[in-house]
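Enquirer: Take this structure, written in structure tokens, and hold onto it; I'll ask about it next.
None of the figures in this text is laboratory data; all of them are computed from the coordinates on show. This is a predicted model, so every value here is computed, not measured. Here the Cβ is made from the backbone with ideal geometry for all residues, glycine too, and neighbour counts use every protein chain on show.
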Amino acid sequence: MAQKQSGASHKVFYRTVKIQKLDIFYREAGSKDSPTILLLHGFPTSSHMFRNLIPMLAEKFHVIAPDYPGYGRSSAPSVADFEYSFDNLARVMDEFTEALKLTKFSLYVQDYGAPIGYRLACEHPERIQAIVVQNGNAYDEGLDNDFWKPFRPFWQNKSEATAAPLKPLFELDATKWQYHTGVRDIEAISPDAWLHDQAGMDRPGNKDIQLELFYSYGSNSPLYPQWQEYFRKHQPPMLIVWGKNDQIFPAAGAEPYKRDLKNLEFHLLDTGHFALEEDCEVIGNLMNEFLGKVVPAPASVAK
């Protein structure tokens, strides 16, 4: 009987729920009686980035990984019909957690997942049990590199001229660059990942969606002091698993978390931006160990 239960916990289900008249797709695994982990993906990917991690966590945890509007298999209304901003994506994810009755959960945040997840945490600090951070900024440090230089004129003056230098980031070479840069062994990186992401961006109208979110990313750094105050006040247990060779969010962005968090476990991994592609087993093991220590089992499981 125990073997059947263990096998079932590893099975991944692919589901959809209506939020604001949108179909929000999500992956789900593990027993609903176990502590929940909400996995929030980055750009330009989707819950697909967690395809290998979810089974590693599902024996001990209830795992949920949604696709934001405009990503993966969730609805992707046009920019004329939906506000693509980090505030609005966070609102959708907030309603998503309420629709699934997630009243207590840990967060895994990477890239775009950080500004979405930290908005959720500030809005509902009582719901957050722990945070796993993988290449997601909450501090100005680490954002003064060459990658971000063309973004600043766009944030200051949104126009065709200031947008032009950013549009190559929606093309295949840039997507492959995100996956390949900083890794130890390119042959260990499945091409399925960047092909999947690029197929999403190549859909009609999707690059307009991505450009809106590039513009909205400028709304995040003004909120950094608020997020840092959340860290200091609420002290969520935090596990840092950061690809130190990332040229978008380098290791300099990981270091400042040490200033504000007391219960912090810190790991810089010898890989790049999408650390799960090369170090999923390492990250999964670290998560199981850390969350197993800091997240209390629900009463029904503890008994």
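Enquirer: Counting only helical runs of four or more DSSP H residues, what would the 222 nm mean residue ellipticity of the chain come to if each run contributes -39,500 (n - 2.57) and the total is spread over all its residues? Please report the intermediate quantities before stating the final value.
Expert: Working: 13 runs with 118 residues, N = 303.
That calculation yields -11000 deg cm²/dmol at 222 nm.
Enquirer: In segment 128-196, if the dipole is taken from +1 on Lys/Arg beta carbons and -1 on Asp/Glu beta carbons about the Cα centre, which of THR181, ALA138, THR162 is farthest to the positive end?
Expert: THR162
Enquirer: Treat the count of other C-beta atoms within 10 Å as a stand-in for reagent exposure and order SER46, SER190 from fewest to most.
Expert: Numbers: SER46 24, SER190 13.
The fewest-first ordering by Cβ neighbours comes to SER190, SER46.
Enquirer: What is the chain's relative contact order, in percent, from Cα pairs under 8 angstrom and six or more apart in sequence? Walk me through the intermediate numbers first.
Expert: Working: 551 pairs, mean separation 62.3, N = 303.
Result for the chain is 21 percent.
Enquirer: I would also like to ask the following. Report, in cubic angstrom per residue, the convex hull volume of the C-alpha atoms of the chain. Kindly include the intermediate steps, with their values, before the conclusion.
Expert: Values: hull volume 37.6 nm³, N = 303.
Convex hull of Cα atoms, per residue: 124 Å³.
Enquirer: Here is a follow-up. What's the exposure ranking of VAL63, VAL92, going from fewest to most Cβ atoms within 10 Å? Intermediate results must be reported in sequence, preceding the final value.
Expert: On the way: VAL63 28, VAL92 19.
If I rank by nearby Cβ atoms, fewest first, I get VAL92, VAL63.
Enquirer: Per residue of segment 164-175, in order, report the coupling 6.51 cos²θ - 1.76 cosθ + 1.60 (Karplus, θ = phi - 60°) as ³J(HN,Hα) in whole Hz, putting x for Gly and Pro.
Expert: Working through the residues one at a time gives 3, x, 8, 5, x, 5, 9, 9, 4, 4, 6, 5 Hz.
Enquirer: As an exercise, identify the GluC sites (Glu not before Pro) in segment 160-211 lying in DSSP coil whose Cβ has no more than 15 other Cβ atoms within 10 Å. Don't skip to the end; give the middle numbers.
Expert: Details: sites: GLU160, GLU171, GLU187; in loops: GLU171.
Sparse-neighbourhood loop GluC sites (Glu not before Pro): GLU171.
Enquirer: Which of TRP242, TRP177 has the fewest other C-beta atoms within 10 Å, and how do the rest follow up to the most?
Expert: With the sparsest Cβ surroundings first, the list reads TRP177, TRP242.
Enquirer: Give me the distance between the Cα centres of segment 75-90 and segment 236-301, rounded to whole Å.
Expert: 29
Enquirer: What share of the DSSP beta bridges in segment 2-302 is antiparallel, in percent to the nearest 5? It would help to have the intermediate numbers written out before the result.
Expert: On the way: 12 of 32 bridges.
Taking every DSSP beta bridge with both residues in segment 2-302, the antiparallel ones total about 40 percent.
Enquirer: Could you tell me what % of all Cα pairs in segment 49-204 have separations over 26 Å? Provide the component values of the computation, followed by the final result.
Expert: Details: 4335 of 12090 pairs.
For segment 49-204, the share of Cα pairs beyond 26 Å comes to 36 percent.
Enquirer: Quick one: P(r) of segment 1-126 from all Cα-Cα pairs, 10 Å bins, percents rounded to integers, in order of increasing distance.
Expert: Spelled out per bin, shortest first, that is 13, 47, 31, 8, 1, 0.
Enquirer: Tell me, in nm to one decimal, what length is gained between GLU160 and ALA199 on full extension, where the rule is 0.36 nm per residue of separation less the Cα-Cα distance? Walk me through the numbers before you get to the answer.
Expert: Values: separation 39, 0.36 × 39 = 14.04 nm, distance 2.42 nm.
Computed gain between GLU160 and ALA199 is 11.6 nm.
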